[in-house]
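The values are calculated or read from the model by the stated rules, or taken from the named source; none is laboratory data. This is a predicted model, so every value here is computed, not measured. As a convention, Cβ positions derive from the backbone with ideal geometry for all residues, glycine included, and neighbour counts pool all protein chains shown.
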Amino acid sequence: MTTTPALHSTAQEGNEFLPGPVLLLGAPGVGKGTQAQLLVTKYGIPQISTGDLLRGNIARGTELGLKAKEIMSSGHLVDDEIVNQMVLYRLQEQDTHRGYILDGYPRTLDQAKFLDRTITDPIFLPRLPVIAISIVVSYDQLLQRITGRRTCPTCKHIYNIYSNPPKVVDVCDFDGAALTQRSDDTEPVFVERMKTFDAQTAPVVAHYRDQGRFAEADGNLSMEAVSTAIQQALVDLRRASDLRRASR
Ligand code: AMP
């Protein structure tokens, strides 16, 4: 029996649907970051990207950043304990209370189990289990997306030299800044990251699939079509999750 039913059902405000804690899964380059941003705009809940949090630590030269830097540039995963603690702190911030979009976490089964355990503690709002969406894109398409990706360091706009190039090579259309390439967006590192993804993240997919908290979205479609599919899947998954919990 639940004691606080309002907090144990869909994180809804008025008639507005809120998806609660959401996990976006997918290989490097499937568009998790882009799709997360669209959900942030739609629902007004924050995106939590462990890759961004780690890169922030590297940029600030923190002890954690120093530890993570070499591992990240090799395409391997940073220790579970480091990322788990980072997420634990982040989830205590007030802006997560209406829900959040996890991007790139959990990436291992141990991280998934840690997250499931952690958010059952009543201090974490909303009191709902994570629902997971996996974005699926073909290997060749991913390779082009990754090795062609360039980012504006100033306005953060993302380009692709194959599919969405800037007007002038390597220069941001909006502010003229020189575009940068992430050091792990090269082909050898991509191959390593794909191996890591297949080995470590497949059990995470199985974990959420087995519990009926999982859906797949075809990431080869347009950005808008992928977003629409994800939003529909979130409504369906959250409804199914609420029904299961109510019938217990
Ligand atoms: P991303 O920006 O999500 O592609 O992550 C870039 C790199 O950061 C990965 O290749 C890993 O080295 C590291 N990283 C990000 N998230 C995690 C995580 N949940 N667990 C372990 N390592 C991570």
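If the condition is being over 21 Å from the mean Cα position of the chain (by Cα) and buried (at least 16 other Cβ atoms within 10 Å of the Cβ), then the stretch 178-205 contributes only LEU179. Selection over the stretch 90-114 of residues that are of a type in the set (A, V, I, L, M, F, W, C), touching a helix residue (DSSP H, G or I) at 6+ places or on another chain (Cβ under 7 Å) and within 12 Å of the ligand (Cβ to nearest atom) gives a count of 3.
Against the numbered list (1) more than 10 Å from the ligand (Cβ to nearest atom); (2) in contact with an Asp or Glu (Cβ under 7 Å, 6 or more places away or on another chain), LEU39 comes up short only at (2).
Each row is one residue, and each column tells you yes or no for (1) closer than 24 Å to ILE135 by Cα; (2) at pLDDT 95 or above; (3) of a type in the set (D, E, K, R); (4) buried (at least 20 other Cβ atoms within 10 Å of the Cβ).
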| position | (1), (2), (3), (4) |
| --- | --- |
| LYS69 | no, no, yes, no |
| HIS76 | yes, no, no, no |
| GLY99 | yes, yes, no, yes |
| LYS113 | yes, yes, yes, no |
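Checked against the criterion of being more than 10 Å from the ligand (Cβ to nearest atom), on the phi > 0 side of the Ramachandran plot and surrounded by fewer than 20 Cβ atoms within 10 Å (Cβ to Cβ), the stretch 56-64 has at least one qualifying residue.
Is it the case that VAL171 is surrounded by 13 or more Cβ atoms within 10 Å (Cβ to Cβ) and touching a residue at least 40 places away in the same chain (Cβ under 8 Å)? No; evaluated as a whole, the condition is false for this residue.
Being within 14 Å of the ligand (Cβ to nearest atom), surrounded by 14 or more Cβ atoms within 10 Å (Cβ to Cβ), at pLDDT below 95 and of a type in the set (A, V, I, L, M) is a property that holds for ILE146.
Of the strands (runs of 3 or more DSSP E) entirely within the stretch 45-143, none holds at least 1 residues that are more than 22 Å from ALA217 (Cβ to Cβ) and over 16 Å from the mean Cα position of the chain (by Cα). Of the helices (runs of 4 or more DSSP H) that lie entirely inside the stretch 151-248, those containing 1 or more residues that are within 16 Å of the ligand (Cβ to nearest atom) and within 15 Å of ILE133 (Cα to Cα) span 202-210.
Just one of (1) modelled with pLDDT of 95 or more; (2) buried (at least 17 other Cβ atoms within 10 Å of the Cβ); (3) closer than 30 Å to PHE17 by Cβ fails for ARG213. It is (1).
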